[in-house]
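Inspection log for the structure reproduced underneath, given as structure tokens.
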Amino acid sequence: MMKAENYIKIEFPSLSVNESFARNAAAVFAAQLDPTLDEIGDIKTAVSEAVTNCIVHAYPNEIGNIQLRCRLFGKNTLEIVVRDWGVGIEDVEKAMEPLFTTGGDERSGMGFSMMEGFTDSLKVRSVPGKGTTVTMKKRISSRARR
Amino acid sequence: MSVQTTYDKGELRIALNGEIDHHSAKTAMNEISDAIDQKLPRNCVLDLMGVNFTDSSGIAVLLRTQKKIHELDGEFSVENVRAQPSKVFKAANVGIMVAIKEYK
Ligand SMILES: Nc1ncnc2c1ncn2[C@@H]1O[C@H](COP(=O)(O)OP(=O)(O)OP(=O)(O)O)[C@@H](O)[C@H]1O
Ligand SMILES: [Mg+2]
């Protein structure tokens, strides 16, 4: 029999009211790894940044779909994927530099830095005109080592 | 997200409650701006006791509130910052720009 690894896949429209739903769904899924409060905070922060980017940047003038996938990866790692089918990013490396923003006064250009700092790995794949996929991995400390 | 303001002898206290994100920050920022425009305080304290979560949108709320207060030549500080918001503000080095007191 195939070994079933637990996952969730949620799709929702790019309405800002869903930012809180998405990060809290990820946190509730992560609960089965018995994370600390600090780790839950990190997961919520990273998901909130990624989903907000889809809402603000990927679909600037329309409502599009956002997909959130969370998957248990090995024994103690959570993989989080946030995907959109929006405008995409021309230069991913540049976009990921701290303080880089195309959002003007309203934004601080700290989103990718937060995702990077609050998880253990961050990968961004993007095709202009096709969309963006952000993949993050977060190791959850085992209770025995705390 | 709720915004509660109290004003006494030139000091405006703004207490936020709930989670700060891009969605909630918009309305919160409007309410904060309105309160400042109405009272024109000499001193403004942003009380984050009731905020258990913020993402980078909270940074913009702090900086924009401070900017408005400084335009009035007022003093601005942030109080009762809990663990998660504190971690976000530290990651962005907000402490070098804004006077921040943590919740003890
Ligand atoms: N999903 C996306 N689709 C299209 N462009 C994106 C996406 N995510 C990020 N970007 C681009 O990368 C830039 C940097 O993103 P980042 O999250 O670091 O900062 P920001 O969103 O501009 O500001 P902040 O997150 O601090 O509010 C954005 O300004 C935008 O140009
Ligand atoms: Mg962002």
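The values are calculated or read from the model by the stated rules, or taken from the named source; none is laboratory data. In this text, all values refer to a predicted model and were calculated from it rather than measured experimentally. Neighbour counts run over all protein chains shown; Cβ positions are idealised from the backbone, glycine included.
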Legend entry - Test set (1) surrounded by fewer than 17 Cβ atoms within 10 Å (Cβ to Cβ); (2) modelled with pLDDT of 95 or more; (3) more than 29 Å from A:His57 (Cβ to Cβ) - B:Arg13 fails condition number: (1)
Inset, instruction - Could you run through region B:1-60 and say how many residues are free of Cβ contacts under 8 Å to residues at least 24 places away in the same chain and charged (D, E, K, R)? - result: 5
Legend entry - Qualifying positions in region A:104-126 - surrounded by 13 or more Cβ atoms within 10 Å (Cβ to Cβ) and farther than 27 Å from A:Ile40 by Cβ: A:Glu106, A:Ser126
Inset, instruction - Return the total of residues in region A:82-97 being farther than 15 Å from A:Ala50 by Cβ and surrounded by fewer than 17 Cβ atoms within 10 Å (Cβ to Cβ). - result: 5
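If you go through region A:80-108 one residue at a time, how many are acidic (Asp, Glu) and within 15 Å of ligand 2 (Cβ to nearest atom)?
Our first condition is that a residue be acidic (Asp, Glu); within region A:80-108, this holds for A:84, A:90-91, A:93, A:97, A:105-106.
Add one more test, that the residue is within 15 Å of ligand 2 (Cβ to nearest atom), and what stays is A:84, A:97, A:105-106.
Counting residues in region A:80-108 that are acidic (Asp, Glu) and within 15 Å of ligand 2 (Cβ to nearest atom) gives 4.
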Legend entry - Criterion violated by A:Thr36 - all others in (1) surrounded by 13 or more Cβ atoms within 10 Å (Cβ to Cβ); (2) touching a residue at least 24 places away in the same chain (Cβ under 8 Å); (3) within 13 Å of chain B (Cβ to nearest Cβ) satisfied: (1)
Inset, instruction - Go through region B:76-94 and give me each residue that's away from chain A (no Cβ under 11 Å) and either over 13 Å from the mean Cα position of the chain (by Cα) or buried (at least 16 other Cβ atoms within 10 Å of the Cβ) (or both). - result: B:Phe76, B:Val78, B:Glu79, B:Asn80, B:Val81
Inset, instruction - Considering only region B:1-28, state which residues are within 14 Å of another protein chain (Cβ to nearest Cβ), within 19 Å of A:Glu106 (Cβ to Cβ) and assigned to a strand (DSSP E or B). - result: B:Glu19, B:Ile20
Legend entry - Candidates A:Ser108, A:Ser126, A:Ser121, A:Ser113, filtered to the one that is over 19 Å from A:Thr36 (Cα atoms) and more than 14 Å from chain B (Cβ to nearest Cβ): A:Ser126
Inset, instruction - Just one of (1) assigned to a strand (DSSP E or B); (2) at the interface with chain B (Cβ under 10 Å from one of its Cβ atoms) trips up A:Leu72, so point out which. - result: (2)
Legend entry - Residue in region B:29-50 that is farthest from the other protein chains (Cβ to nearest Cβ), counting only those that are part of a strand (DSSP E or B) and surrounded by fewer than 23 Cβ atoms within 10 Å (Cβ to Cβ): B:Asn43
